[in-house]
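The values are calculated or read from the model by the stated rules, or taken from the named source; none is laboratory data. Every value quoted in this text rests on a predicted model; they were computed, and no experiment measured them. In this analysis, Cβ positions are derived from the backbone assuming ideal geometry, glycine residues included, and neighbour counts consider all displayed protein chains. Ligands, DNA and RNA are stripped out before the accessible areas are found, and what is left, the full protein with its side chains, is counted by its heavy atoms. Shrake-Rupley method; radii C 1.70, N 1.55, O 1.52, S 1.80 Å.
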Amino acid sequence: QVQLVESGGGLVQAGDSLRLSCAASGRTFSNYVTGWFRQAPGKEREFVAAIIWSGGITSYSYSVKGRFTISRDNAKSTVYLQMKSLKPEDTAAYYCAERTDRTIATQIPRYEYWGQGTQVTVSS
């Protein structure tokens with residue numbers, strides 16, 4: 001059973017940067033994709049970014065492309081989400097998730113394992 005633990009959230013001002021981390025444990029498979037999703041109050045959870053196990057392929061939502069960067073350090077079993085030029089509309093609970101497949105997906109049901117989330121609040 002994979003366990004994912006997010007960290008790095010907090011309260012920042014618009015224009016600031018923040019780096020989220022997702023530490024994984026218990027993984028027994030070799031091909032997987034890690035994604036970041038977010039959910040703002042009163043809204044549905046949405047895809048933010050994803051990266052394949054080797055780090056060679058990434059994908060971003062239109063709303064964060066150019067501002068957020070997803071990366072991974074497999075030696076530390078950790079995936080990062082570097083967020084720059086944060087906006088108040090980036091305020092949300094951020095979740096990391098994994099799917100046991102080698103192809104990137106943006107749909108929530110395609111991800112089998114989920115973390116508990118970390119809150120990011122961006123003030124104007």
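Details
- Scanning region 93-106 for residues that are surrounded by fewer than 18 Cβ atoms within 10 Å (Cβ to Cβ) and closer than 15 Å to Arg38 by Cβ yields a single hit, Thr106.
- Residue in region 19-41 that is nearest to Thr103 (Cα to Cα), counting only those that are surrounded by fewer than 16 Cβ atoms within 10 Å (Cβ to Cβ) and modelled with pLDDT under 95: Asn31
- Taking (1) within 19 Å of Gln116 (Cβ to Cβ); (2) among the polar types (S, T, N, Q); (3) open to solvent by 50 Å² or more (accessible area, probe 1.4 Å); (4) modelled with pLDDT under 95 in turn, Ser54 satisfies each apart from (1).
- Criterion: surrounded by 15 or more Cβ atoms within 10 Å (Cβ to Cβ) and farther than 19 Å from Tyr113 by Cα - qualifying residue of Asp90, Asp16: Asp90
- Residue-level check: of (1) open to solvent by 60 Å² or more (accessible area, probe 1.4 Å); (2) at pLDDT 95 or above; (3) within 21 Å of Arg19 (Cβ to Cβ), Pro109 misses just (3).
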